[in-house]
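Taking it in order: structure first as structure tokens, then the write-up.
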Amino acid sequence: VIGPRQAEWFDLAREEHDNLRGALMTASSKNNVEAGLYLSSRLYRLWESLNMQEGSRWLAEFLENPESKNYPYARAKALCMYGWLLTWRQQFTQAQPLVQEALELFRAHKDRRSEVNALLILGNIKEFQGNMTGAMEMYQQALALAQSIDHAWSEAQAHFCLAYDRRDMKRSFDHFEKAVTLFREAGDWAALANALGVLGTFRVWSGDVDLAQKYLDEAAELWRFNKRMDIWENAKVARSQLAMLKGDYELASTLLRETLPVAEESGNRMSYLWNRAHLGFVTLRTGDIEDARRIFVDTMLEFQKDGNTIGVVYGLEGIATLLIAAGKPEKAARLIGCADATREKVPDIRPLIEEADMYRNMAAILSRIGPSGFEVTYDEGRSMALEEAVRYALEDR
């Protein structure tokens, strides 16, 4: 639901949650599979913010009923939304074939808008699994299709996804600006607030603090009226990044810790793990080495279990920073080498403020083992497989 009554509708849906659950139970008990497919899929924004696990259970129940294949369009809607929820829960392998089936059904029914959505979800899965090139191809297909049907909201979603490619930051920011403009045009205030929050984060990463603050202020104002729809809390995450840049580690930590119970409650595993991983670097700055180590190890292993490539790399980079402080520069250099090689392969460009931290790490290593020692150990790390580097990082804990 978009438009001026978006927040009102959403609050009403939350208030009617028990009645909606009762309707789903009735559809299940009476074997009204078509109604169950449509209802469970149309409530996806409720599931996103309230309980992804519950939404997944209902969608799975109706999709697993053999009769669901008698209603191919309703099935396509449910498959697409189930795949969407599974993606945020980082169940990528399970989500991919579901969304692929939905895409084929949407094409058969000539539903171009839904086809755009399916392409974007498939692109998301590729991106998180470490195939940015494949993801961008999907996003470009989605953008071209959205433009061909002149649908502003779909086009905005495609631009938003394309903006995550940081290989060309000017192009990235152009996509963000187009997404923001089109979300305004479409009247999706929740999506607009989310886009502004991410745009603000990217500006923080690029060091454009004043411009970032402008976007974050507007995002915060929009979320004031749409608070219950904020499943990512991007503005709060960006504010924590700003606080860390200013040396206010207590505020940075507080902001990130506030996001964790929200993500846990809704079942947004991706948000929870990333915000906890960011918390690792804040904790490191406060001098709590042991807590930072626990955070980096835990999140790295969880990202590895789920197949989130850059999440694993981020954990390796955190552990490398700890190893420098622990007087193990050679081991740190190997982990940095593997992280750099993996980022190049994906490809995923390290944000500027993180790159500045990495240069400081490398300078510290060079001061201890010299250029030749660094070159040898760094190149050894570049030749490591990511799984090998994880095992190596966990040795001698």
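Take the residues in region 195-208 that are small (Gly, Ala, Ser) and either in contact with a His (Cβ under 8 Å, 6 or more places away or on another chain) or part of a helix (DSSP H, G or I) (or both); name whichever of them is surrounded by the most Cβ atoms within 10 Å (Cβ to Cβ). Steps first, answer last, please.
The initial filter retains those residues of region 195-208 that are small (Gly, Ala, Ser), namely 195, 197, 200, 206-207.
Retained after the next criterion (residues that are either in contact with a His (Cβ under 8 Å, 6 or more places away or on another chain) or part of a helix (DSSP H, G or I) (or both)): 195, 197, 200.
Values: 195: 28, 197: 26, 200: 30.
Checked region 195-208; the qualifying residue surrounded by the most Cβ atoms within 10 Å (Cβ to Cβ) is 200.
I'd like to know if region 366-384 contains one or more residues that are in a helix (DSSP H, G or I), modelled with pLDDT under 95 and not basic (Lys, Arg). No, that holds for no residue. Just one of (1) open to solvent by less than 10 Å² (accessible area, probe 1.4 Å); (2) in a loop (DSSP other than H, G, I, E, B) fails for residue 167. It is (1). Return only the number of the condition from (1) modelled with pLDDT under 95; (2) open to solvent by 10 Å² or more (accessible area, probe 1.4 Å); (3) in contact with a Gly (Cβ under 9 Å, 6 or more places away or on another chain) that residue 188 does not satisfy. That leaves (2) as the condition not met.
Out of 148, 114, report the one residue that is farther than 26 Å from residue 226 by Cβ and modelled with pLDDT of 95 or more. The unique qualifying residue is 148.
The set of residues from region 209-218 being within 18 Å of residue 351 (Cβ to Cβ) and either open to solvent by 10 Å² or more (accessible area, probe 1.4 Å) or aromatic (Phe, Trp, Tyr) (or both) comprises 209, 210, 211, 213, 215. For residue 221, the conditions (1) under 21 Å from residue 2 (Cβ atoms); (2) buried (at least 21 other Cβ atoms within 10 Å of the Cβ); (3) out of contact with any helix residue (DSSP H, G or I) (no Cβ under 6 Å at 6 or more places or on another chain) all hold with the exception of (2).
Put simply, of 141, 129, 157 the only residue that is in contact with a Gly (Cβ under 8 Å, 6 or more places away or on another chain), within 24 Å of residue 86 (Cα to Cα), open to solvent by 30 Å² or more (accessible area, probe 1.4 Å) and at pLDDT 95 or above is 129.
The values are calculated or read from the model by the stated rules, or taken from the named source; none is laboratory data. Nothing here was measured: the structure is a model prediction, and the numbers come from that model. In this analysis, Cβ positions are derived from the backbone assuming ideal geometry, glycine residues included, and neighbour counts consider all displayed protein chains. Calculation scope for accessible area: heavy atoms of the full protein, side chains included, ligands and nucleic acids excluded. Shrake-Rupley method; radii C 1.70, N 1.55, O 1.52, S 1.80 Å.
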